[in-house]
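Here is the structure we will look at.
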Amino acid sequence: MRIGELARRTGVPARRLRYYEEQGLLSSDRSANGYRDYGPQAVHRVTQIRGLIDAGIPTAIIKDILPLLDSPGAIHVTGPATGLIDALEHHREQLSARIQCITRNRDAITRYLNAIRDGADGSDGRRQ
């Protein structure tokens with residue numbers, strides 16, 4: 001299938017598919033006229049890539065993870081994952097820090113909203 005069809009089937013813009021290919025996450029064959037030609041497995045691969053990106057994993061790490069995936073949700077390590085463990089642990093720590101920051105921000109917004117409501121209606125902030 002051509003890049004437009006892959007984009008339509010996956011909901012991922014063609015520009016982003018070309019980026020995935022530049023990053024070594026996706027591959028295609030080239031026809032005589034230079035058009036990209038993707039096999040049917042490309043839909044599954046793009047779905048894997050999107051899932052990992054949506055989980056906040058950078059493409060540099062995804063490039064190392066993809067060879068370990070042979071079906072959604074299943075990871076089979078075939079050899080030592082040199083550097084991958086450290087990179088994933090570091091990324092997990094960064095995610096945890098972001099979650100803590102977002103939680104603090106959410107709680108601060110809640111306190112602010114409660115204070116506004118208390119001042120606006122003269123009540124103690126409790127809804128009835």
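The values are calculated or read from the model by the stated rules, or taken from the named source; none is laboratory data. All values reported here derive from a predicted model rather than from experimental measurement. When we count neighbours, we look across all protein chains shown, and the Cβ atoms used for this are built from the backbone with ideal geometry, even at glycine.
Identify, please: which residue in segment 1-17 is among the β-branched types (V, I, T) and in a helix (DSSP H, G or I) and is, among those, nearest to L69 (Cα to Cα)?
Among them, the one singled out is T10.
Can you tell me which residue in segment 19-45 is farthest from I57 (Cα to Cα), limited to those that are surrounded by 15 or more Cβ atoms within 10 Å (Cβ to Cβ) and among the basic types (K, R)?
That would be R36.
Specify which of the listed residues (I53, I65) is closer than 28 Å to R2 by Cβ, modelled with pLDDT under 85 and surrounded by 13 or more Cβ atoms within 10 Å (Cβ to Cβ).
Only one candidate qualifies: I65.
It is to be established whether one or more residues within segment 35-48 are at pLDDT below 90 and under 16 Å from the mean Cα position of the chain (by Cα).
no
How many of the residues in segment 22-49 are in contact (Cβ under 8 Å) with a residue 24 or more places away in the chain, farther than 15 Å from D64 by Cα and of a type in the set (S, T, N, Q)?
2
Give the number of residues within segment 2-34 that are of a type in the set (A, V, I, L, M) and either more than 24 Å from the chain's Cα centre (by Cα) or outside the structural domain of P67 (by TED's automatic domain parsing) (or both).
1
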